[in-house]
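For reference, the structure discussed in these notes is given below.
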Amino acid sequence: MHFHHFAIEVEDLDTSIAFYQEFIGLSEEVRISFQDEEIVFLANADLKLELISGGQQQDSKGIHICFEVDRIQEVINHFKNKRILALEGPYKLKNGWETVFYNGPDNEVIEFLQIEKKADK
């Protein structure tokens, strides 16, 4: 498992993209539509930032931490064995990614993400 990204909800996606490109040096990597949200991943060699627009903002304002895992089902089974239910998901996204969300001990949101590996060309 390793750190994958940090996420924030934004009011104006284009303004936020421009800001993080100009001032932080991030480039657009992936754009996803999911449920009622538009999601854009920005990245450089050291950082991956997820911007979320259009969702229903909650108390956490869409902030979460994400860890990339090799096998998401193992994570789900581990939490299930500890009698901890998923906050949200699991979901399979159109791009092949699989994701599930849990609450941490202080009600922080933790996402686990399995990225479908592309065949070598």
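The values are calculated or read from the model by the stated rules, or taken from the named source; none is laboratory data. The model shown is predicted, which means the values in this text are computed figures rather than measured ones. So basically every Cβ, Gly included, is an ideal-geometry build from the backbone, and we count neighbours across all protein chains shown. Areas reflect the complete protein model, heavy atoms only, side chains present, ligands, DNA and RNA absent. Shrake-Rupley method; radii C 1.70, N 1.55, O 1.52, S 1.80 Å.
Side notes on the structure shown:
- Counted residues, the stretch 25-49 - those being without any contact (Cβ under 8 Å) to a residue 24 or more places away in the chain and of a type in the set (V, I, T): 1
- Meets criteria (more than 17 Å from I8 (Cβ to Cβ) and open to solvent by 30 Å² or more (accessible area, probe 1.4 Å)) for F34: no
- Among the residues making up the stretch 89-103, those that are assigned to a loop (DSSP other than H, G, I, E, B) and closer than 15 Å to E68 by Cβ are L93, N95, G96, W97.
- Residue match in the stretch 57-67 (condition: surrounded by 15 or more Cβ atoms within 10 Å (Cβ to Cβ) and modelled with pLDDT of 90 or more): yes
- Residues that are of a type in the set (A, V, I, L, M) and open to solvent by 50 Å² or more (accessible area, probe 1.4 Å), drawn from the stretch 37-55: A45, L47
- The condition of being farther than 20 Å from F6 by Cβ, modelled with pLDDT of 95 or more, aliphatic (A, V, I, L, M) and open to solvent by less than 50 Å² (accessible area, probe 1.4 Å) holds for I76.
- Scan of the stretch 79-110 for residues that are out of contact with any Asp or Glu (no Cβ under 7 Å at 6 or more places or on another chain), under 23 Å from I32 (Cα atoms) and open to solvent by 90 Å² or more (accessible area, probe 1.4 Å), ordered by number: K94
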